[in-house]
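**Student:** Let me begin by handing over the structure; questions about it come next.
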Amino acid sequence: MNPIEQLFADLRAAGRKALLPFLAAGDPDLPFTARLLREFHAIGCHLCELGFPYSDPIADGPTIQSAFTRALARGLRVEEIFQMLATAVPRPPAVAMLSYAIIHRQGIDPFVAQAAAAGFAGLIVPDLPAEESCELRRACQARQMALIQLIAPTTSLDRAKRIIDAASGFIYYISVAGVTGQRSELPPEIAENLGRLRQLTDLPICVGFGISEPAQVHALIPHCDGLIVGSAIVRRIEQGLARQRTPEEIVADISRFCGGLLQALEGKPTP
Amino acid sequence: MTTISSSDLLAAAALPDAAGRFGIFGGRYVPETLMEALQELEREYAAAAQDERFRAELTRLQRDFIGRPSPLYFAERLTKFCGGAEIWFKREDLNHTGAHKINNTIGQALLTLRMGKSRVIAETGAGQHGVATATACAHFGIPCVVYMGAEDVRRQQPNVRSMKLMGAEVRAVETGSRTLRDAINEAMRDWMGSVRTTHYILGSVVGPHPFPKIVRDFQSVIGRETIEQCRERWQRLPDLVVACVGGGSNAAGMFYPFVTEPTVELLGVEAGGMGNQLGQHASSLTFGRPGVLHGSMSYVLQDADGQTADVHSASAGLDYPGVGPEHSYWKEIGRVVYTNCSDAEALAAFDQTAQHEGILPALETSHALAIAMREAARRGQDQKIVVCLSGRGEKDAAEIERLKKL
C-alpha cells in the first residue's frame, strides 16, 4: 500500500485527521529544509508537501513566489532536492508539488522514477488538469506513487466526478478561488462544497489555500480529512530571515506554530 | 513553394482539435480554478463565431472603429534600395491605436459582453496590447486593469500614458525579469481570484486553449484582406510573406489564411537580440525546444530543469521566452520557416524604412523588415514580398535614441 493510503487508513481507523505542512524546497537552503522535515516528524505532522521552486508559479501568491525566487537565486537544482530528501530522516511521508514544466523537461518516466527512488510518496501538479494527466497517471501507478488531483470552488459537480476518477492518494480541495496565501476569512460555502464532494468519493479530502489559524482548523476539520498549511509557514521563514534569526530559532518558531495547529486538529482548545 | 500535400495543408488549417492541440502542441496546462472559465470561453466563442449578429457587429467595428481594411502599400524606394524583389507593406500600423493588436481586443471585448462579465484584465509587453485593450474597454465602458512589467513601463512610457488617459489602471509588475512574461504571470494570478466576473483578454496566440485559436481567428482578418488585395492588385498571390514573431499574433493572423496556399512561402522572424547564447535572445523556435509555459505546450527557452530562461530583445513586444503553439506546429510540419534577426539589424532596418519610406515602424516590426530586405536583395525583380507592418514606431523613438547612444 502507498504510504499516503496507509496513513489515511490508519487515521480514519483512529478517528483522527491529518496536518500537512508545505515547504518550498531549498528556502533558504536545503539543509534547513531537511531539518524542518525532521522537526515535522518529531512533533507529529502526518504528511509533508514539498514545493519545487519554479520560475513562473501562476497559482502562487507573493509569499510562496518569494520563497521560490530565494531558492532559485541560490542556484537550486531539481536533482539536489531529490538528494536532500534521502538525508531528511526520520520525516513524514512526502509529496512533491511542482509545475508540469519541470516534469515535462525531465521526461515523465525519468522524473517519476527519480521521485520514487528519492522517497516521494506522491505528486501534486497544480497546472496539470485531470484531462491532461493520463500519461503521468500511468507512470505514477507503475511505481505506486499517488497522483493527487485538485478540485476548486469553481469546479462543477460533473467535472469533480471526472477529476475524482483520475485521482489517487487524496483530493486536494482548494478553499478559495485565487492564489495561495493567508486569508483572514474563508468563503462561507466551503462546508457545503465539502459535503457535496464527500458524497462523491471515499478518497480522503484535504483542504488547502488560505489556512493559518487554529480557529480555521476548528471550523474546517469536521468537513474534511486533513488540512494543508503553506504560506503561513513560508512567511515565518521569510520573517525569520529578515530579522536575522538563527535557523534554530526559525525552526522553533515554526514548530510552535504547527504544534498549535496540531492541538486544534485534536479538538483541543487554542492556548 | 511547399512540398506538403494540399490535403495535409487543409488538415493543418482545421486545427486545433477538440483537446486544443496543434499536433503535440497547445493543450491546457492551468490550475483547476481556471478550467470552467476556459470551457465557458470555448463554448461562447464557438457560439459567437456562428452568430450572424456577432459577426456583423465585429465587421462594423472593424470598418468604423479600427479603420479596416488596412492598405497594401508598395514600398517603392525601399525596393529600389534593396535592388531585387518588390517589397509591399500590409499597413496594420494605420489601424486605430497604431498596431494589429486592436483586431483581437475588439473581438474579445465583444465576447466579454456576450459572456456577461463586468471586468477585463490584460497583460502587455510593448504596451500596444495594453493600449488596444484600454481602447476597446473604453469604447464599451468596461473597467480594465493592465499588468505591465516594470522594465517595460520604463521603456514604453507613451503607451502607459495612453492607457491611463483612457481610464485603464496600469499595474507595474516588479517580480522576475519585470517584462512580458511576468506581466502574464500576474494577470493569470489576478484571474485565479476574479474568474467568475472577469475576462482575461490575452494579447497573443499563446496561453491555454482556446486563446491561441481565438486570437488567431480575430487576427486572421490581416491575412484574408492581404489575399484579397493581392488578387485585386496583381491577380496573383505574393511569393513570400514575412512577419515578426514574439508570442506570434500578427504572424499567426497574417500566415493562417496563407497556410493552404502552397505557392506562398511564409517566413517568421524572431528576436535574435545580442547573440546565440541563452539569455542573449528571445528566439524560442530557433533555439528552444518543446516545453510548457503559461498554459500550453510549445517551443520555449528553458534551462535543463524546466525553469524559464531569461531572454533579451531591444523590442519589448518580442521579449518573451515562449511562442504560440500553432507556430511550433507550423515549424514542425515545415509549412513556415522561422529565422531570427539581431537588435542591431532591426535598428538598421528601422532607419532605412523611416528614411526611404517616411514610415516609422515599431521595433518589433523592424525585425521582419530586416529579413524582408535581405530576402528582397537576393530575389529577382519579378518576385513580390509582403511584410506585415504590424505597428508604428513612435512609441519606440525615445528607446531607439537611448540604444543608439550605447
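**Student:** Among the candidates A:111, A:40, A:82, which residue alone is among the aromatic types (Phe, Trp, Tyr), surrounded by fewer than 24 Cβ atoms within 10 Å (Cβ to Cβ) and more than 10 Å from every other protein chain (Cβ to nearest Cβ)?
**Tutor:** Every option except A:82 fails the conditions.
**Student:** Restricting to the stretch B:100-150, name every residue that is of a type in the set (S, T, N, Q) and without any contact (Cβ under 8 Å) to a residue 60 or more places away in the chain.
**Tutor:** B:135
**Student:** Exactly one condition in (1) out of contact with any Cys (no Cβ under 8 Å at 6 or more places or on another chain); (2) under 28 Å from residue B:213 (Cβ atoms) is false for residue B:386; which is it?
**Tutor:** (1)
**Student:** Does the stretch B:307-320 include one or more residues that are within 20 Å of residue B:402 (Cβ to Cβ) and within 14 Å of chain A (Cβ to nearest Cβ)?
**Tutor:** yes
**Student:** Name the residues in the stretch A:138-166 that are under 16 Å from residue A:96 (Cβ atoms) and either among the aromatic types (Phe, Trp, Tyr) or surrounded by 18 or more Cβ atoms within 10 Å (Cβ to Cβ) (or both), would you?
**Tutor:** Once the filter is applied, which keeps residues that are under 16 Å from residue A:96 (Cβ atoms) and either among the aromatic types (Phe, Trp, Tyr) or surrounded by 18 or more Cβ atoms within 10 Å (Cβ to Cβ) (or both), the stretch A:138-166 yields A:139, A:140, A:145, A:146, A:147, A:148, A:149, A:150.
**Student:** Now a separate question. Within the set of pairs 6+ apart or on separate chains, which have a first residue in the stretch B:216-237 that is farther than 19 Å from residue B:95 by Cβ, a second that is in a helix (DSSP H, G or I), and C-beta atoms under 7 Å apart?
**Tutor:** Between residues of the stretch B:216-237 that are farther than 19 Å from residue B:95 by Cβ and residues that are in a helix (DSSP H, G or I), the close pairs are B:236/B:230; B:237/B:227; B:237/B:230.
**Student:** Can you tell me how many residues in the stretch A:127-154 are outside any strand (DSSP E or B), of a type in the set (A, V, I, L, M) and within 23 Å of residue A:198 (Cβ to Cβ)?
**Tutor:** Our first condition is that a residue be outside any strand (DSSP E or B); within the stretch A:127-154, this holds for A:127-145, A:152-154.
Narrowing further to those that are of a type in the set (A, V, I, L, M): A:128, A:130, A:136, A:139, A:142, A:145, A:152.
Pick out the ones that are also within 23 Å of residue A:198 (Cβ to Cβ) and you get A:130, A:152.
Within the stretch A:127-154, residues that are outside any strand (DSSP E or B), of a type in the set (A, V, I, L, M) and within 23 Å of residue A:198 (Cβ to Cβ) number 2.
**Student:** While we're looking at this one, here's another question. For the stretch B:25-39, what are the residues that are aliphatic (A, V, I, L, M), in contact with a Gly (Cβ under 9 Å, 6 or more places away or on another chain) and either facing chain A (nearest Cβ under 7 Å) or under 18 Å from residue A:61 (Cα atoms) (or both)?
**Tutor:** B:30, B:34
**Student:** Of A:55, A:66, which residue is within 14 Å of chain B (Cβ to nearest Cβ) and within 30 Å of residue A:134 (Cβ to Cβ)? Reasoning before the result, please.
**Tutor:** Numbers: A:66 fails: within 30 Å of residue A:134 (Cβ to Cβ).
The match here is A:55.
**Student:** Residues to consider are A:71, A:94, A:101, A:24; find the one that is within 28 Å of residue B:321 (Cβ to Cβ), under 15 Å from the mean Cα position of the chain (by Cα) and either modelled with pLDDT under 95 or of a type outside the set (Asp, Glu) (or both).
**Tutor:** After ruling out the rest, the residue left standing is A:24.
**Student:** Follow-up. Can you tell me how many residues within the stretch A:125-135 are in contact with a Leu (Cβ under 7 Å, 6 or more places away or on another chain) and surrounded by 22 or more Cβ atoms within 10 Å (Cβ to Cβ)?
**Tutor:** 3
**Student:** Kindly indicate which of A:38, A:77 is at pLDDT 95 or above and touching a Lys or Arg at 6+ places or on another chain (Cβ under 7 Å).
**Tutor:** A:38
**Student:** Moving on. Only one residue in B:32, B:42, B:52 is more than 30 Å from residue B:349 (Cα to Cα), crowded, with 17+ Cβ neighbours inside 10 Å, without any contact (Cβ under 8 Å) to a residue 60 or more places away in the chain and among the charged types (D, E, K, R), so which one is that?
**Tutor:** None of the others qualify; the one that does is B:32.
**Student:** When residue A:172 is evaluated against the numbered criteria (1) under 28 Å from residue A:212 (Cβ atoms); (2) facing chain B (nearest Cβ under 8 Å), which criterion, by number, is the only one it fails?
**Tutor:** Going through the list (1) under 28 Å from residue A:212 (Cβ atoms); (2) facing chain B (nearest Cβ under 8 Å), residue A:172 breaks only (2).
**Student:** Of the residues that sit in the stretch A:70-79 and are under 19 Å from residue A:125 (Cα atoms) and not hydrophobic (A, V, I, L, M, F, W, C), which one is farthest from the other protein chains (Cβ to nearest Cβ)?
**Tutor:** Looking at the filtered set, the residue picked out is A:79.
**Student:** Look at the stretch B:260-288 and say how many of its residues are part of a strand (DSSP E or B) and of a type in the set (D, E, K, R).
**Tutor:** Kept after step one, since they are part of a strand (DSSP E or B), are these residues of the stretch B:260-288: B:265-273, B:282.
With of a type in the set (D, E, K, R) added as a condition, the list becomes B:265, B:270.
Summing the residues that are part of a strand (DSSP E or B) and of a type in the set (D, E, K, R) in the stretch B:260-288 gives 2.
**Student:** Could you count how many residues in the stretch B:192-207 are more than 9 Å from chain A (Cβ to nearest Cβ) and over 16 Å from the mean Cα position of the chain (by Cα)?
**Tutor:** Result for the stretch B:192-207: 4.
The values are calculated or read from the model by the stated rules, or taken from the named source; none is laboratory data. Nothing here was measured: the structure is a model prediction, and the numbers come from that model. Note that we place each Cβ from the backbone using ideal geometry, even for glycine, and neighbour counts take in every protein chain shown.
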